[in-house]
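K.L.:
Quick one: the structure is below, questions incoming.
The values are calculated or read from the model by the stated rules, or taken from the named source; none is laboratory data. Note that the structure is predicted; figures quoted are calculated from it, not measured. So basically every Cβ, Gly included, is an ideal-geometry build from the backbone, and we count neighbours across all protein chains shown. We work out accessible area using only protein heavy atoms, side chains counted, and drop any ligands, DNA or RNA first. Shrake-Rupley method; radii C 1.70, N 1.55, O 1.52, S 1.80 Å.
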Amino acid sequence: TQVGVLLRANAAGEITRSLVSGRVMYGETIRDALFRHLEKDLGAMAFPLLPASPVPFQVAEYFPIPGLSAFLDQRQHAVSLAFVVPVTGTCEPRQDALEVTWLSPEEAASDALAAEMEGGRGTLIRLALASVGALR
């Protein structure tokens, strides 16, 4: 019903919109990594609802070269597993997240929001919404 988007400062000091994200640590399950990153960005009271075996809605391949895919990471070539994770608790920004903004699916899929996001994350939100039947 709503999409949580983070407000963050990027490495260049610019304020941008982003999503909960991060790496899987050596020896860590994907499920544990999801819990860790959700708590890191949204707080311990977010109460994410994760199945026993999470399945990504998208495998996004980020390239350091523009135009090879919809996803760009100028630092590296990276493969990202993207998940839709419902939360039932209270979300408070933590770590480097300045704010959590809740948007309707229509607002989250807008060109205006995509323009505030880096690396094709606006496209990723649209794909997430489509995967749960929230786009018209």
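K.L.:
Only one of 31, 17 is of a type in the set (D, E, K, R) and in contact (Cβ under 8 Å) with a residue 60 or more places away in the chain; which? Spell out the reasoning first.
P.N.:
Working: 31 fails: in contact (Cβ under 8 Å) with a residue 60 or more places away in the chain.
Exactly one residue qualifies, and that residue is 17.
K.L.:
For segment 116-133, what are the residues that are in contact with a strand residue (DSSP E or B) (Cβ under 9 Å, 6 or more places away or on another chain) and open to solvent by 30 Å² or more (accessible area, probe 1.4 Å)? I'd like the intermediate steps shown before the answer.
P.N.:
Residues of segment 116-133 in contact with a strand residue (DSSP E or B) (Cβ under 9 Å, 6 or more places away or on another chain): 116-125, 127-129, 131.
Within segment 116-133, 116, 118, 121, 123, 127, 131 qualify.
K.L.:
Which residue out of 98, 72 is in contact with a Pro (Cβ under 6 Å, 6 or more places away or on another chain), closer than 22 Å to residue 8 by Cβ and modelled with pLDDT under 95? Before the answer, list the steps.
P.N.:
Working: 98 fails: in contact with a Pro (Cβ under 6 Å, 6 or more places away or on another chain).
So the residue among 98, 72 that is in contact with a Pro (Cβ under 6 Å, 6 or more places away or on another chain), closer than 22 Å to residue 8 by Cβ and modelled with pLDDT under 95 is 72.
Table: residues versus (1) surrounded by fewer than 18 Cβ atoms within 10 Å (Cβ to Cβ); (2) in contact (Cβ under 8 Å) with a residue 24 or more places away in the chain; (3) under 16 Å from residue 44 (Cα atoms).
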site	(1), (2), (3)
74	yes, no, no
84	yes, yes, no
89	yes, yes, yes
93	yes, yes, yes
99	yes, yes, yes
105	no, yes, no
110	yes, no, no
114	yes, no, no
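K.L.:
Tell me which residues, restricted to segment 20-36, are β-branched (Val, Ile, Thr) and either within 24 Å of residue 101 (Cα to Cα) or surrounded by 13 or more Cβ atoms within 10 Å (Cβ to Cβ) (or both). Show your work before the answer.
P.N.:
Step one: of segment 20-36, the residues β-branched (Val, Ile, Thr) are 20, 24, 29-30.
20, 24, 30 - these are the residues of segment 20-36 that are β-branched (Val, Ile, Thr) and either within 24 Å of residue 101 (Cα to Cα) or surrounded by 13 or more Cβ atoms within 10 Å (Cβ to Cβ) (or both).
K.L.:
Step by step: first the residues of segment 3-49, then only those that are polar (S, T, N, Q) and out of contact with any Ser or Thr (no Cβ under 8 Å at 6 or more places or on another chain), then the one that is farthest from residue 134 (Cα to Cα). Which residue is that?
P.N.:
Initial filter on segment 3-49 (polar (S, T, N, Q)): 10, 16, 18, 21, 29.
Add one more test, that the residue is out of contact with any Ser or Thr (no Cβ under 8 Å at 6 or more places or on another chain), and what stays is 16, 18, 29.
Numbers: 16: 24, 18: 19, 29: 29 Å.
This residue is 29.
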